[in-house]
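Can you read through this structure? Questions will come right after.
The values are calculated or read from the model by the stated rules, or taken from the named source; none is laboratory data. Quick caveat, the model's predicted, so the values are computed rather than measured. All Cβ positions, glycine included, derive from the backbone under ideal geometry; neighbour counts span all protein chains shown. The area values use the complete protein model at the heavy-atom level, side chains included, leaving out ligands, DNA and RNA. Shrake-Rupley method; radii C 1.70, N 1.55, O 1.52, S 1.80 Å.
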Amino acid sequence: MNFLTKLSSASLLLALLCTSPVMAQSTVAVADVKCEYLADPIGMDTPHPRFTWRLQDDRQGAKQTAYRIVVGKTVAELAKGTAWNTGWVKSDAQLATYAGAALKPFTKYFFRVDVADKGGVKKTGKVSTFEIGMMTMDNWKGEWITDINDVALKPAPYFRKVFSAAKKIKSARAYITAGGLFELYVNGQKIGNHRMDPMYTRFDKRNLYITHDVTANLLAGKNAVGVLLGNGWYNHQSTAVWDFHNAKWRARPTFLLDLRVTYTDGSTETISSGQDWKTALSPVIFNSIYTAEHYDARLEQPGWNTIKFDDSAWKTAISRQSPSKNIVAQVMHPVRNVEEIATKSVKAFSDSNYVFDLGRNISGVSKFTVDGPAGTIIRLKHGERVYANGHVDMSNIDVHYRPKDKSDPFQTDIIILDGKGPKSFSPHFNYKGFQYVEVNSSAPLKLTHYNMVGYFMHSDVPAVGKVSSSNPTVDKMWYATNNSYLSNLFGYPTDCPQREKNGWTGDATIANETGLYGFDGITVYEKWMADHRDEQKPDGVLPSIIPTDGWGYDWGNGPDWTSTIAMIPWNIYLFYGDKHLLAECYDNIKLYVDHIDEKYPTGLTTWGLGDWVPVKSKSPVELTSTCYYYKDALILSSAAKLLGKTADAEKYAALAEKIKTAFNQKYLKADGIYNNGLQTELSCPLYWGLVPDDMKAKVAGNLAKRVEADNFHLDVGLLGQKAILNALSDNGYADVAYKVAAQETYPSWGWWIKNGATTLYENWKIDAKNDISLNHIMFGEIGAWLYKGLGGIYPDADQPGFKNVILAPNFVNGLDRFETSHKGPYGTILSSWKKEYGKVIYNVEIPANSTATVKLPTMPGMKAYIGVNEVKGTTTQLAAGKYRFELR
Ligand code: BGC
């Protein structure tokens with residue numbers, strides 16, 4: 001629909017009045033140009049990559065009226081658009097899918113996006129690139145190789161090969177995948193700054209390969225390539241309750257490498273993994289992604305990855321079959337050591353026993369720098385808590401670990417010194433969740449806080465959200481939520497970085513919006529949805545943890561958890577305006593919904609875990625699970641409509657209606673109480689949209705009363721906390737929601753913060769005896785709610801990707817200032833309010849080429865103005881630009 005026709009005449013007038021001629025001088029540019037949501041990606045396999053960009057134009061009403069994309073194999077070809085030339089397309093779209101000539105493997109493409117602004121003035125973009133990698137599996141030349149050792153052997157293997165570059169090198173790419181984890185070295189240098197590659201997948205279904213540009217690492221003549229392999233989830237040697245040590249795919253780590261060199265004369269040569277590689281054991285004498293890493297510096301082989309090294313004592317590598325029949329490109333933001341954190345304090349108990357404190361809880365590793373006599377054994381025990389006596393307490397995180405002996409202590413790195421001077425140690429193939437590190441040494445050591453730093457590791461997704469307010473506790477909650485979200489993002493979302501590292505689906509459904517408001521996570525979610533597709537059984541059932549080796553198909557996998565399959569693609573559609581993932585998952589969502597329909601023909605389902613880790617009251621599983629099932633059916637119907645599947649759209653809309661009717665017949669009473677009227681019982685139907693329109697006010701009123709009776713404190717578990725704040729603020733009770741959200745006594749988020757939390761916890765009770773990891777994201781809806789319930793930034797399902805933004809802030813009692821922003825596909829949306837001299841000032845920024853529907857809350861005795869004009873009606877439609885509202 002044309003933007004102008006959507007404007008009411010009053011709001012159009014406003015938009016025009018606010019147009020400031022001064023801003024016309026601002027520069028118009030094409031910004032944030034990406035391919036598959038990454039800047040200049042290399043090693044992609046997709047035949048139809050997506051291009052996205054942003055119009056940078058500060059002018060009021062800024063709009064893109066047309067775009068043109070040109071693609072070619074050289075900059076000269078690009079000018080002609082030899083691979084693809086869309087010509088000028090009259091459109092305001094900022095997402096286009098490549099539809100040019102078939103893309104060729106191992107080929108770099110140059111592309112440019114040009115735009116026309118609101119006046120039709122054309123602007124040429126900058127040249128960007130994308131590069132195709134293997135494209136199909138047949139293009140691999142190498143063999144998967146490993147060493148001859150058994151799965152139980154602990155030391156990590158090294159592999160090496162020397163080759164001679166015959167001619168002058170123009171460019172070189174290393175394509176590498178592994179069963180397990182790898183570090184790649186060329187001429188002694190570690191390649192890239194990724195950690196924990198490849199990302200975890202179900203290894204017998206799909207293996208991910210990574211592409212590195214190694215042009216600058218290669219030398220004329222002889223070169224050495226080295227690979228160090230870790231176990232990761234592939235060869236899980238530690239024993240815990242999820243049975244990964246019995247995984248079908250388990251084997252000695254293995255890798256496949258093609259190093260493709262292009263010479264200046266245009267010829268190419270590929271140096272591949274094969275039986276001509278040499279192998280030996282490394283000083284990494286044990287590595288477990290789950291527990292820790294052990295390193296014996298005395299076993300170092302200096303120069304092992306350089307040409308000068310004598311490898312005559314090394315053994316020959318052996319080849320093996322590919323772990324799966326599907327090797328595809330890993331095109332996503334990688335895991336990195338994102339932040340270095342200095343030690344905040346050190347406590348010495350003796351000259352061989354110290355406890356280091358980072359001052360905050362993180363996922364990641366420590367780097368310990370130390371000098372001492374050869375043979376000194378140092379144990380570094382990482383934990384989240386300390387006992388009253390100051391020693392590290394592991395009792396909240398080692399509960400599911402089932403060690404066979406004492407050789408693999410939980411979250412405890414072990415290093416053995418070589419006595420050759422100071423050295424730094426940090427695990428290659430393990431990460432942990434910790435704040436404290438307790439050092440125990442077999443010989444005296446003189447340590448200060450300089451001896452250790454922490455690295456916060458996670459998928460390095462760009463931050464796109466900000467929150468700041470006049471309440472420091474709220475700001476700290478937001479910080480803690482982000483820390484827990486990121487601590488649980490390692491190429492798949494996890495529940496906690498210490499006790500499990502499992503891809504718990506329920507936790508991810510809860511945290512998905514929090515993640516999307518705060519971080520540009522599409523690449524991670526698209527990868528994780530491919531993991532879902534790999535794991536789905538032919539009957540539609542999904543496991544509760546993904547990826548899995550088989551655990552979780554029989555427990556914990558009802559719709560309250562595994563609705564990830566529908567909800568995540570839907571949220572990605574809302575936040576990015578891209579229906580690709582919905583289309584990719586469509587059949588899987590359908591299979592899943594059909595399965596529930598078949599098993600629960602009444603429309604009510606008892607399948608699920610229910611309101612996990614509640615404060616005190618427990619709601620029926622059928623009540624909460626049916627809400628999730630209803631939403632899945634609705635999403636399926638909407639997706640069908642979007643994808644042109646009309647019959648399905650109708651069928652699943654009817655199913656949703658059937659579920660809703662059955663649900664309300666069973667649970668809703670005439671007085672607007674669901675079941676027993678508990679917080680979760682009222683919140684879930686409201687939030688997930690099952691309440692009949694004419695009953696909403698009653699139910700919401702009952703919820704507000706219930707919350708008041710509970711002294712404005714939570715009485716919910718994981719499912720209730722997802723719903724409650726939204727259910728209140730969406731239905732006229734934002735003040736009540738804020739009172740609950742900002743609570744600082746038990747049970748609340750603020751209670752954790754007041755007790756020093758820098759991450760979110762798994763249990764409302766800080767002194768709980770179980771389920772008390774200190775870095776869980778499952779109570780993380782608070783993060784998303786701040787953007788929604790206070791800032792009022794919502795995507796509009798009719799114009800997704802924030803093409804039209806809904807701005808419905810709440811100027812709640814008890815808070816003087818609140819500012820939030822989210823950088824969506826069109827740019828940064830700002831929603832910022834403050835109370836001043838009896839007035840409320842509300843500033844908004846709507847990015848170029850997008851619009852906003854502003855819904856201001858009614859404030860008793862106040863009128864809203866924009867400039868000198870009174871705002872009439874309940875909503876105001878605005879064009880891109882900056883606006884200042886005043887309520888006085
Ligand atoms: C996990 C949770 C998960 C739950 C499901 C726990 O062990 O840590 O976050 O969702 O199990 O039951």
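From the list 599, 579, 590, which residue is among the basic types (Lys, Arg) and more than 17 Å from residue 537 (Cβ to Cβ)?
579 is the lone residue from the list that is among the basic types (Lys, Arg) and more than 17 Å from residue 537 (Cβ to Cβ).
Follow-up question, since we're still on this one. Please work out which residue is farthest from residue 557 (Cα to Cα), limiting yourself to the range 586-604 and to residues that are hydroxyl-bearing (Ser, Thr, Tyr) and open to solvent by less than 60 Å² (accessible area, probe 1.4 Å).
For the range 586-604, the residue satisfying everything is 586.
Somewhere in the range 559-571, is a residue open to solvent by 20 Å² or more (accessible area, probe 1.4 Å) and among the charged types (D, E, K, R)?
Checked the range 559-571: no residue is open to solvent by 20 Å² or more (accessible area, probe 1.4 Å) and among the charged types (D, E, K, R).
Can you list the strands (runs of 3 or more DSSP E) lying wholly within the range 61-169 that have 2 or more residues being over 25 Å from residue 881 (Cβ atoms) and among the aliphatic types (A, V, I, L, M)?
Filter on the range 61-169 gives 66-72, 157-165.
Quick check on my filter: what residues within the range 854-876 are within 25 Å of residue 825 (Cβ to Cβ) and open to solvent by less than 20 Å² (accessible area, probe 1.4 Å)?
If the condition is that a residue be within 25 Å of residue 825 (Cβ to Cβ) and open to solvent by less than 20 Å² (accessible area, probe 1.4 Å), then 854, 876 are the ones that fit.
Taking only the range 243-265 into account, find how many residues are open to solvent by less than 10 Å² (accessible area, probe 1.4 Å) and of a type outside the set (A, V, I, L, M, F, W, C).
Total meeting the criteria: 4.
While we're here: Of these, 693, 648, 735, 715, which one is closer than 21 Å to residue 564 by Cα and more than 27 Å from the chain's Cα centre (by Cα)?
648
This table checks each residue for (1) at pLDDT 95 or above; (2) open to solvent by 30 Å² or more (accessible area, probe 1.4 Å); (3) within 26 Å of residue 823 (Cα to Cα).
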| position | (1), (2), (3) |
| --- | --- |
| 22 | no, yes, yes |
| 55 | yes, no, yes |
| 67 | yes, no, yes |
| 71 | yes, no, no |
| 84 | yes, yes, no |
| 89 | yes, yes, yes |
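So which residues in the range 501-517 are away from the ligand (no atom under 16 Å from the Cβ) and either acidic (Asp, Glu) or in contact with a Gly (Cβ under 7 Å, 6 or more places away or on another chain) (or both)?
Matches in the range 501-517: 513, 517.
Being in contact (Cβ under 8 Å) with a residue 60 or more places away in the chain, touching a strand residue (DSSP E or B) at 6+ places or on another chain (Cβ under 7 Å), over 15 Å from residue 273 (Cβ atoms) and aromatic (Phe, Trp, Tyr) narrows it down to one residue among 203, 182; which is it?
203
Tell me, which strands (runs of 3 or more DSSP E) lie completely within the range 274-327 with 1 or more residues that are in contact (Cβ under 8 Å) with a residue 40 or more places away in the chain, open to solvent by less than 20 Å² (accessible area, probe 1.4 Å) and not charged (D, E, K, R)?
It comes to 278-281, 284-287, 293-296.
Scan 788, 823, 834, 803 and give me the residue that is more than 16 Å from the ligand (Cβ to nearest atom), touching a Lys or Arg at 6+ places or on another chain (Cβ under 8 Å) and at pLDDT 95 or above.
Sole residue among the options that is more than 16 Å from the ligand (Cβ to nearest atom), touching a Lys or Arg at 6+ places or on another chain (Cβ under 8 Å) and at pLDDT 95 or above: 834.
Within the range 479-500, can one find any residue that is open to solvent by 10 Å² or more (accessible area, probe 1.4 Å), farther than 26 Å from residue 288 by Cα and either more than 16 Å from the ligand (Cβ to nearest atom) or at pLDDT 95 or above (or both)?
Yes, there is a match, as at least one residue in the range 479-500 is open to solvent by 10 Å² or more (accessible area, probe 1.4 Å), farther than 26 Å from residue 288 by Cα and either more than 16 Å from the ligand (Cβ to nearest atom) or at pLDDT 95 or above (or both).
What number of residues in the range 650-692 are assigned to a helix (DSSP H, G or I), over 19 Å from residue 559 (Cβ atoms) and open to solvent by 10 Å² or more (accessible area, probe 1.4 Å)?
Result for the range 650-692: 2.
Now for a different question. What pairs come up if the first residue lies in the range 405-418 and is under 16 Å from residue 369 (Cβ atoms) and at pLDDT below 95, the second is surrounded by fewer than 18 Cβ atoms within 10 Å (Cβ to Cβ) and of a type in the set (Lys, Arg), and their beta carbons are under 8 Å apart, counting only those six or more places apart or on different chains?
Within 8 Å, no pair qualifies.
From the list 185, 209, pick out the single residue that is aromatic (Phe, Trp, Tyr), part of a strand (DSSP E or B) and open to solvent by 20 Å² or more (accessible area, probe 1.4 Å).
185
Six or more apart or on different chains, Cβ atoms under 9 Å: show the pairs whose first residue is in the range 355-375 and without any contact (Cβ under 8 Å) to a residue 12 or more places away in the chain and whose second is of a type in the set (A, V, I, L, M, F, W, C).
Going by the 9 Å Cβ cut-off, there are no qualifying pairs.
More than 14 Å from the ligand (Cβ to nearest atom), under 24 Å from residue 51 (Cα atoms) and of a type outside the set (A, V, I, L, M): which single residue out of 534, 539, 520, 597 fits that description?
Answer to the check: 520.
Restricting attention to the range 237-256, which residues are part of a strand (DSSP E or B) and at pLDDT below 95?
The one that is part of a strand (DSSP E or B) and at pLDDT below 95: 240.
Could I ask something else about it? State yes or no: is residue 550 away from the ligand (no atom under 16 Å from the Cβ) and surrounded by fewer than 21 Cβ atoms within 10 Å (Cβ to Cβ)?
So residue 550 passes the test.
Pick from the range 693-717 the residues that are part of a loop (DSSP other than H, G, I, E, B) and away from the ligand (no atom under 16 Å from the Cβ): which of them is most open to solvent (accessible area, probe 1.4 Å)?
711
Checking the condition among the aromatic types (Phe, Trp, Tyr), under 22 Å from residue 649 (Cα atoms) and away from the ligand (no atom under 16 Å from the Cβ), which residue from 592, 525 passes?
Going through 592, 525 in turn, the sole match is 592.
Within the range 509-547, which residues are of a type in the set (A, V, I, L, M, F, W, C) and over 30 Å from residue 820 (Cβ atoms)?
Selection gives 530, 541, 542, 545, 546.
Against the condition crowded, with 24+ Cβ neighbours inside 10 Å, closer than 20 Å to residue 467 by Cα and β-branched (Val, Ile, Thr), how does residue 793 come out, does it pass?
Answer is yes for this residue.
While we're looking at this one, here's another question. Run residue 4 past the list (1) at pLDDT 95 or above; (2) surrounded by fewer than 18 Cβ atoms within 10 Å (Cβ to Cβ) and report the number of the one that doesn't hold.
Unmet for residue 4, out of (1) at pLDDT 95 or above; (2) surrounded by fewer than 18 Cβ atoms within 10 Å (Cβ to Cβ): (1).
Please verify whether residue 40 is part of a loop (DSSP other than H, G, I, E, B), open to solvent by 30 Å² or more (accessible area, probe 1.4 Å) and out of contact with any helix residue (DSSP H, G or I) (no Cβ under 6 Å at 6 or more places or on another chain), treating the condition exactly as stated.
Spelling it out, residue 40 is indeed part of a loop (DSSP other than H, G, I, E, B), open to solvent by 30 Å² or more (accessible area, probe 1.4 Å) and out of contact with any helix residue (DSSP H, G or I) (no Cβ under 6 Å at 6 or more places or on another chain).
Continuing with the same structure: Considering only the range 611-619, I want to know if a residue exists there that is open to solvent by 10 Å² or more (accessible area, probe 1.4 Å), polar (S, T, N, Q), closer than 21 Å to residue 668 by Cβ and in a loop (DSSP other than H, G, I, E, B).
Yes - at least one qualifying residue is present in the range 611-619.
Return the pairs, sorted by first residue and then second, in which the second residue is of a type in the set (Phe, Trp, Tyr), the first residue lies in the range 525-551 and is within 20 Å of residue 500 (Cα to Cα), the beta carbons are less than 6 Å apart, and the residues are 6+ apart or on different chains.
Between residues of the range 525-551 that are within 20 Å of residue 500 (Cα to Cα) and residues that are of a type in the set (Phe, Trp, Tyr), the close pairs are 528/492; 543/553; 544/561; 545/504; 547/200; 549/244; 551/242.
If residue 234 passes every condition in (1) at pLDDT 95 or above; (2) more than 21 Å from residue 457 (Cα to Cα) but one, which one does it miss?
(2) is the only condition that residue 234 fails.
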